[in-house]
Amino acid sequence: MSLLNAAERFASMDRSQIVLDAKRCLHSQDQYSECAACFSICPVNAITVGKPPSLNSEACQSCLACLPACPVGAYRADDDVADLLNCAAHIEDQTVELVCGLHPKPATGVDPESIGIRIAGCLAGLGTGAYSTLSTLGIERLLSRTDACSECKWHSLSPEIYRQTERANRFLSAWGKVDVVSYIDEIESPVERVLWSAKNPPMSRRDLFRLMARQGQVAVARAMENGVTTSERKPGRDRLRLLSTANHLSEASASVDLQEFCFATLSISDSCTACGACGKACPTQALKFEKNEEEMTFS
């Protein structure tokens with residue numbers, strides 16, 4: 001095969017196709033796990049209940065909702081979040097409307113001065129962490145278009161979109177960012193406005209100079225996305241994006257209850273026998289057991 005043919009084949013590959021790494025699934029790590037995040041969210045029943053579950057690739061329609069839903073990142077595919085972060089570097093002081101790949105009227109919106117950005121899958125595939133990350137890069141208002149959800153074949157995912165936007169607002173409110181994210185169920189008088197593809201934003205001469213002036217934010221975006229799609233035993237991509245957002249905003253004063261976002265605070269009980277089972281069982285290596293034989297201590 002020539003290099004040209006290989007390049008064409010590689011370019012034609014659909015990297016949004018979802019792959020399940022069953023070894024990373026919580027059910028593979030813990031036989032008593034009751035996690036049902038993926039098969040309870042799939043709108044086309046492409047995920048079969050099991051320990052671990054199985055994915056029917058032919059039935060899957062790549063809505064991508066399982067990507068942020070999985071707490072340990074067992075599902076892998078290219079989502080549009082990295083591309084959205086790249087788009088954010090082109091935008092200043094404008095409202096952004098996020099439109100899914102199946103929306104029938106993506107070229108119209110609520111404000112002629114806003115920018116519509118269309119992603120490939122469902123908005124439920126973005127996750128709370130994606131909204132939070134976008135808000136840290138200067139986008140002051142994000143609107144998720146849910147006005148066509150009722151007629152969509154993925155309509156069962158609309159409650160998940162609402163949940164993600166509300167959670168993002170609660171998370172960001174700890175840093176004084178109030179009502180940054182919202183959803184639009186209905187547009188009374190739609191108007192034409194600019195529409196971008198997340199994977200191919202326009203690049204005018206003005207955009208080029210603007211992008212050069214915002215290289216710092218571009219670097220931040222890349223750093224915040226770094227490691228999200230890793231194959232190592234780590235938390236899922238949505239958790240990693242929330243952590244990146246919190247680290248980026250850490251200089252600002254914040255008061256947020258992390259337990260609301262499924263972050264845990266652990267302490268060692270006096271009855272601990274130092275068997276080390278917790279470190280071996282943890283599917284994301286958040287717990288590590290270390291023993292100091294000389295000092296007869298463990299941590």
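The values are calculated or read from the model by the stated rules, or taken from the named source; none is laboratory data. Keep in mind the model is a prediction, meaning the values are calculated, not measured. With ideal geometry, Cβ positions are generated from the backbone for all residues, glycine too; neighbour counts draw on all protein chains shown. All accessible areas refer to the heavy atoms of the entire protein, side chains included, with ligands and DNA or RNA removed. Shrake-Rupley method; radii C 1.70, N 1.55, O 1.52, S 1.80 Å.
Numbers at a glance
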{"read-out": "Loop-located trypsin sites (Lys or Arg not before Pro) in the range 109-148, at most 16 other Cβ atoms within 10 Å (DSSP)", "value": "141"}
{"read-out": "Around residue 147: net Lys/Arg minus Asp/Glu count, Cβ-Cβ under 13 Å", "value": "-3"}
{"read-out": "Simple label model, 7 Å out from Cα along Cβ direction - residue 267 to residue 141, nm", "value": "4.6 nm"}
{"read-out": "Listed peptides 89-102, 189-202 by packing density, highest first (mean Cβ within 10 Å)", "value": "89-102, 189-202"}
{"read-out": "Span from the the range 138-154 Cα centroid across to the the range 22-58 one, whole angstrom", "value": "27 Å"}
{"read-out": "Placed amide H near residue 140: partners under 5 Å, 5+ positions off or other chain", "value": "93, 94"}
{"read-out": "Relative packing of peptides 74-82, 109-117, 121-129 - highest average C-beta neighbours within 10 Å first", "value": "121-129, 74-82, 109-117"}
{"read-out": "For the range 52-158: rounded, prolate or oblate by the Cα gyration tensor [a/c cutoff 1.5]", "value": "oblate"}
{"read-out": "Sum of side-chain charges, residue 121 neighbourhood, beta-carbon under 9 Å (Lys, Arg +1; Asp, Glu -1)", "value": "-2"}
{"read-out": "For the range 116-207, accessible area per residue (1.4 Å probe, heavy atoms of protein chains only), Å²", "value": "46 Å²"}
{"read-out": "Surrounding net charge for residue 107, when Lys and Arg each add one and Asp and Glu each subtract one, Cβ distance under 12 Å", "value": "+2"}
{"read-out": "Links that overshoot a 22 Å alpha carbon limit, given the list 234/280; 23/234; 153/177; 51/288; 23/291", "value": "153/177; 51/288; 23/291"}
{"read-out": "FRET efficiency for residue 28 and residue 155, using Cβ-Cβ distance with R0 set to 35 Å, rounded to 0.05", "value": "0.65"}
